[in-house]
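Colleague: Below is a structure I'd like to ask you about.
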Amino acid sequence: TATITVTEQAQPDAGTNGTLTVCAGTTPTNAELFAALGGTPDAGGSWSNVGLVYTYTVTSTAPCTVDATATVAVTEQAQPNAGTNGTLTVCAGTTPTNAELFAALGGTPDAGGNWSNVGLVYTYTVTATAPCAVNATATVTVTEQAQPDAGTNGTLTVCAGTTPTNAELF
């Protein structure tokens, strides 16, 4: 008699499809992508992508011939946008409104930010939404235009029948 011992080679396991959100403008790391896979994927595979769809491939070991693949669909969270720095002139003694300050920003700032100020420099802050971590800021520098001053009421005595000159009235 003869005995044949059969050994089974495990099929490669790339896990199951997953999703991942990253901050716009960043590229996900292999570790982030691997962590987004479902199931129990084998380590040592390779990543490729077409646009925002990343494919993880685990190569089969002979006698197996079919590689295993799973995908991670990546979505991008927009970075906050506070616009660009601007300037605003107001009448001395008035406080600019948030709407006036917002209108003075350049670019296309996101609504919903918060205003703070140190003196006449107002800072607009838009809070980042995870996974983005850096808030966006822009400033509006306010200048004050002096209010007109006509002086105070006064009196002038002139000779009857004469017209006072502008210099006399002033």
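Colleague: When only residues in region 25-59 that are in contact with a helix residue (DSSP H, G or I) (Cβ under 9 Å, 6 or more places away or on another chain) and part of a loop (DSSP other than H, G, I, E, B) count, which is nearest to Cys132 (Cα to Cα)?
Modeller: Filtering region 25-59 for residues that are in contact with a helix residue (DSSP H, G or I) (Cβ under 9 Å, 6 or more places away or on another chain) and part of a loop (DSSP other than H, G, I, E, B), the one nearest to Cys132 (Cα to Cα) comes out as Pro28.
Colleague: A further question follows. Which residue out of Ala99, Ala160, Ala104 is at pLDDT below 95 and over 25 Å from Thr27 (Cα atoms)?
Modeller: Result: Ala160 is the single residue among Ala99, Ala160, Ala104 that is at pLDDT below 95 and over 25 Å from Thr27 (Cα atoms).
Colleague: Only one of Ala62, Ala78, Ala73 is of a type in the set (Gly, Ala, Ser), within 30 Å of Thr123 (Cα to Cα) and either in contact (Cβ under 8 Å) with a residue 40 or more places away in the chain or open to solvent by less than 70 Å² (accessible area, probe 1.4 Å) (or both). Can you tell me which?
Modeller: Matching residue, one of Ala62, Ala78, Ala73: Ala78.
Colleague: Same structure, new question: Give me a count of the residues in region 81-120 that are hydrophobic (A, V, I, L, M, F, W, C), under 25 Å from Thr21 (Cβ atoms) and exposed (fewer than 12 other Cβ atoms within 10 Å of the Cβ).
Modeller: Looking only at that region, the number is 1.
Colleague: Please determine, by comparing only the residues of region 1-24 that are surrounded by 10 or more Cβ atoms within 10 Å (Cβ to Cβ) and assigned to a loop (DSSP other than H, G, I, E, B), which one is modelled with the lowest pLDDT.
Modeller: Gln9
Colleague: Does Ala160 qualify as being touching a residue at least 40 places away in the same chain (Cβ under 8 Å), among the small types (Gly, Ala, Ser) and open to solvent by 70 Å² or more (accessible area, probe 1.4 Å)?
Modeller: no
Colleague: Now for a different question. For Val53, which of the numbered conditions (1) among the aliphatic types (A, V, I, L, M); (2) open to solvent by 30 Å² or more (accessible area, probe 1.4 Å); (3) more than 18 Å from Ala31 (Cα to Cα); (4) modelled with pLDDT of 95 or more fails to hold?
Modeller: Failed condition: (3).
The values are calculated or read from the model by the stated rules, or taken from the named source; none is laboratory data. Here the structure is a predicted model, which means the values were calculated and not measured. Glycine also receives a Cβ, built like all others from the backbone with ideal geometry; neighbour counts cover every protein chain displayed. Accessible surface is based on the protein model in full, side chains and every heavy atom, while ligands, DNA and RNA are left aside. Shrake-Rupley method; radii C 1.70, N 1.55, O 1.52, S 1.80 Å.
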